[in-house]
Every structure is written in C-alpha cells, then in structure tokens.
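Here the structure is laid out as structure tokens; the discussion comes afterwards.
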Amino acid sequence: AVRRGYTSLRTHVSCEEGLGLDALHALVTLRDEVRATIDLQVFAMAGCPITGSLGARNWDLVREALDAGADGVGGAPWLDSEPASAVAMLVRLAAERNLMVDLHLDETLDLASLSVRTFVREVIANALRGRATASHLVSLGQQPPGVAREIAAELADAGIAVVTLPQTNLYLQGRACDT
C-alpha cells in the first residue's frame, strides 16, 4: 500500500467471543511500528450479538479493545437482533471514549433495513459530527430515489462520511443468485 502511495489505512479488527483480542494487539503494535510511514487506524469491530445477555461478552471485548489502544469503534449492528439498540450503544461508546465510529450498516438487500437513520440521529445526539462513517449501506441502493436522496442529505447534514464497497457487496449480496 505504501509503495502505491497510500498515506492512511483503516482496518476493522473482529473483537468477539471465540476470537479474543490477539489480532487487535498485533495490529496496534504494527500501527505503532509504521506510524512514521503510514497512518494505520485500527477500529475495534464489535462482534454480534452486541445487545442483550448474549452480547455481554462481545460488549466487554470491544471495550477491552479500546482500552488496549484501538483508534475507534466499529461494528455491524444490522446483524444484531436489535439493530437500533446496537447502533445507539456503539455510537455512545465512541462518544464516551472521544473516539471515531465507523459502522457497517444495512449490508443487505432488505428494504426494511435502514439502521442508517438511527445512526444519523445518534451521531447528532452524541456530537460526533465529522467523526463518524457509515460503511456499506447496501439497502440504501434498493430504496426509491426520493428516499435515497433524503437519507443522503441527512448523512451530509450530520457530517457523516460514507464508504461504499460495490465490488465486495455485489459478491456478498449476489452470491445466492443463480444467474
């Protein structure tokens, strides 16, 4: 990446029950070693579930990852049984720790999956304007154009960056298709 001119990279490291924090520790160490060459951002990717008693261990691990030096809070709350609650928890955690938040949102073709709206409200409520990123947003591409424009305006007004991954998501969402 450095040879190709990259100056900054962000990685999301899974922090979940069964995986622990070994990968996070390795990447935090690497980040510190390459600091003079590249800005490597290490985000603690909360495992699912996040909410409820089943998410307690994953919740503990993401907080431990932040204590261990992760640069920001990540997660895929759309996978949780309570996506709105998971979004709120992760955004509030980032705000409490004065960190950035980058969530994988609505990574599905399901039109009903619009946790991005909860994300916008929580980012505004927790004063994270300019420190929040919404990644994937696949269901947004399935919305009627008027709804998509409305949500895009809400994201812009809230100062939320958007990262799409069209090549990845064409594969992930299309892998069950026969054609």
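The values are calculated or read from the model by the stated rules, or taken from the named source; none is laboratory data. As the structure is a computational prediction, the values presented were derived from the model and not from experiment. Virtual Cβ from ideal backbone geometry, glycine too; neighbours counted across all protein chains shown. Surface accessibility is based on the protein's heavy atoms, side chains included, excluding ligands, DNA and RNA. Shrake-Rupley method; radii C 1.70, N 1.55, O 1.52, S 1.80 Å.
Would you be so kind as to identify all helices of the chain, as entire DSSP H runs, whose Cα atoms reach 20 Å or more along the helix's own axis and whose mean Kyte-Doolittle hydropathy is at least -1.0? Write out the running numbers ahead of the final one.
Working: long enough: 83-97 (21 Å, 0.80).
Counting only whole DSSP H runs, the qualifying helices are 83-97.
Please identify every one of the trypsin sites (Lys or Arg not before Pro) in the stretch 1-33 that sits in a loop by DSSP and has no more than 13 other beta carbons within 10 Å of its own beta carbon.
Details: sites: ARG3, ARG4, ARG10, ARG31; in loops: ARG3, ARG4.
The qualifying sites are ARG3, ARG4.
What's the magnitude of the charge dipole for the chain around its Cα centre, counting Lys and Arg as +1 and Asp and Glu as -1 at the beta-carbon? Answer in Debye, nearest 20.
On the way: 15 positive and 22 negative charges, 105 e Å.
The calculation lands at about 500 debye.
List the trypsin sites (Lys or Arg not before Pro) within the stretch 53-147 that fall in a DSSP loop (any state other than H, G, I, E or B) and whose Cβ has at most 16 other Cβ atoms within 10 Å. Don't skip to the answer; put the middle values down first.
Values: sites: ARG57, ARG63, ARG92, ARG97, ARG117, ARG121, ARG129, ARG131; in loops: ARG129, ARG131.
Of the trypsin sites (Lys or Arg not before Pro), the ones in loops of the stretch 53-147 whose Cβ has at most 16 other Cβ atoms within 10 Å are ARG129.
Taking only protein heavy atoms and a 1.4 Å probe, what accessible area per residue, in Å², does the stretch 5-46 have with all protein chains in place? Kindly include the intermediate steps, with their values, before the conclusion.
Details: 2370 Å² over 42 residues.
Spelled out: the 1.4 Å probe surface of the stretch 5-46, per residue, equals 56 Å².
Does the chain come out rounded, prolate or oblate by the C-alpha gyration tensor, with a ≥ b ≥ c the root eigenvalues, rounded set by a/c under 1.5 and, if not, prolate when a/b is larger than b/c and oblate if not? Let's see the in-between values first.
Working: a/c = 1.43, a/b = 1.29, b/c = 1.10.
Because its axes are fairly even, with a/c under 1.5, the chain counts as rounded.
Suppose all protein chains stay in the model; what accessible area per residue would a 1.4 Å probe give for the stretch 52-149, in Å²? Spell out each step's value before the answer.
Working: 4210 Å² over 98 residues.
Result: 43 Å² of accessible area for each residue.
Quantify, in whole percent, the carbon and sulfur part of the accessible surface of the chain (1.4 Å probe; protein heavy atoms only). Mind showing how you got there, number by number?
Details: 4980 of 9460 Å².
Answer for the chain: carbon and sulfur cover 53 percent of the accessible area.
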